[in-house]
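Step one of this worksheet: look at the structure below.
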Amino acid sequence: MEFLDKKVLITGGSRGIGRATAIAFAKQGAQVAINFVRDRRAAERTVKALDGSEHIAVKADISLPQSAESLVQTVAKNLGGIDILVNNAGVYVPHPVDECTYEQWQAAWRHTLRTNLLGAANVSFCAAQQMIHQGGGRIVNVSSRGAFRGEPRHPAYGASKAGLNAMSQSMAQALAKYNIFVGIVAPGFVETDMAKKILDSEAGTSIKQQSPLGRVAKPEEVAKAILFLASEGTEFMTGAILDVNGASYLRS
């Protein structure tokens, strides 16, 4: 199997894209660590759904630097290393500039950047130290089409994902000499708990029609892209951003 005995850490791994990715890795023989922040039951359900054994769920708030470091140390100790990191954890907080207060604006930016960008950067740093010691590894960061097209009601989200792209590409250049390769997957809307509210609203139909396929992505489709970038033979794609948005947004 492609990922037999590989040690995989997935942040935000209990639901949606993270859950689908964990299931896909486990089916191909990987040992998976699911990171979660609050919902232990959801994380444990995901662990039970995985093929194989010795998978674990680890509680950690990656928006806190010490917690991010502790997460990586705990996973490396329990799994015997980390071969693949998937930075999937993210928040999507509405804060339209013409509707929120200055205090709400500040809070949304702090929370979003600490999780989506700084959290991913800190987990990547700590995991990279493990990978350098091991002689190589893979990092796949989950970005968004919002990094390119803008997010008028969620500007911090768009900015955090644009920053994640830049960080990922910088890491790809810095880490290649250590046999560590970095990929980025940029989905559009996906059928997840995070997107459920807006997809079930009146806007849901128009969102689905943004793609010529007439729908949004399934978590499993994004998971396939993540596994592709984490697989052997894609080394020369390091630093690449793979769009998974059903042609709903095409960048030149």
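Each reported figure results from applying straightforward, stated rules to the coordinates on display, with no laboratory input. Model, not experiment: these values are computed from the prediction. Glycine also receives a Cβ, built like all others from the backbone with ideal geometry; neighbour counts cover every protein chain displayed.
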Next item on the list: Select from segment 182-252 those chymotrypsin sites (Phe, Trp or Tyr not before Pro) which occupy a DSSP coil region and have at most 14 other Cβ atoms within 10 Å, ordered by residue number.
Entry: none
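Only Cα pairs under 8 Å and at least 6 apart count here; give the relative contact order of the chain as a rounded whole percent.
Working: 512 pairs, mean separation 47.8, N = 252.
About 19 percent, as a whole number.
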Checklist line | Normalised alpha carbon radius of gyration of segment 134-178 [divisor 2.2 N^0.38 Å] | finding: 1.39
Item checked: Whole-Hz couplings from phi, Karplus 6.51/-1.76/1.60, listed for segment 182-196; x for Gly and Pro -> 10, x, 10, 10, 10, x, x, 5, 10, 6, 10, 4, 4, 9, 4
Item checked: Using distinct alpha-carbon pairs, which all enter the 1/r mean, Kirkwood radius of the chain in Å -> 18.1 Å
Check: Pairing the Cα long axis of helix 120-134 with the longest principal axis of the chain, what angle in degrees results, from 0 to 90 and rounded to the nearest 10?
Finding: 20 degrees
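How high is the relative contact order of segment 1-84? Use alpha-carbon pairs under 8 Å, at least six apart in sequence, and give a whole percent. List each step's numbers first, then the result.
Details: 155 pairs, mean separation 26.1, N = 84.
The value is 31 percent.
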Checklist line | Centre separation in Å (Cα based) which lies between segment 14-58 and segment 173-242 | finding: 18 Å
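Which FRET efficiency value, to the nearest 0.05, do you get for Glu220 and Lys48 by plugging their Cβ-Cβ distance into 1/(1 + (r/R0)^6) with R0 = 22 Å? Before the final figure, lay out each step's value.
On the way: r = 18 Å, r/R0 = 0.83.
So, using R0 = 22 Å, E works out to roughly 0.75.
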Check: By count of other Cβ within 10 Å, fewest leading, how are Asp51, Asp5, Asp243 ordered?
Finding: Asp5, Asp51, Asp243
Item checked: Nonlocal amide H pairs with Asn245, under 5 Å, H built at 1.01 Å -> Gly188
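Based on the Cβ-Cβ distance of Ala176 and Met1, what FRET efficiency does E = 1/(1 + (r/R0)^6) give at R0 = 22 Å, to the nearest 0.05? Kindly include the intermediate steps, with their values, before the conclusion.
Numbers: r = 26 Å, r/R0 = 1.19.
My answer for the efficiency is 0.25.
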Item checked: Whole-Hz couplings from phi, Karplus 6.51/-1.76/1.60, listed for segment 217-222; x for Gly and Pro -> 6, 8, x, 5, 6, 5
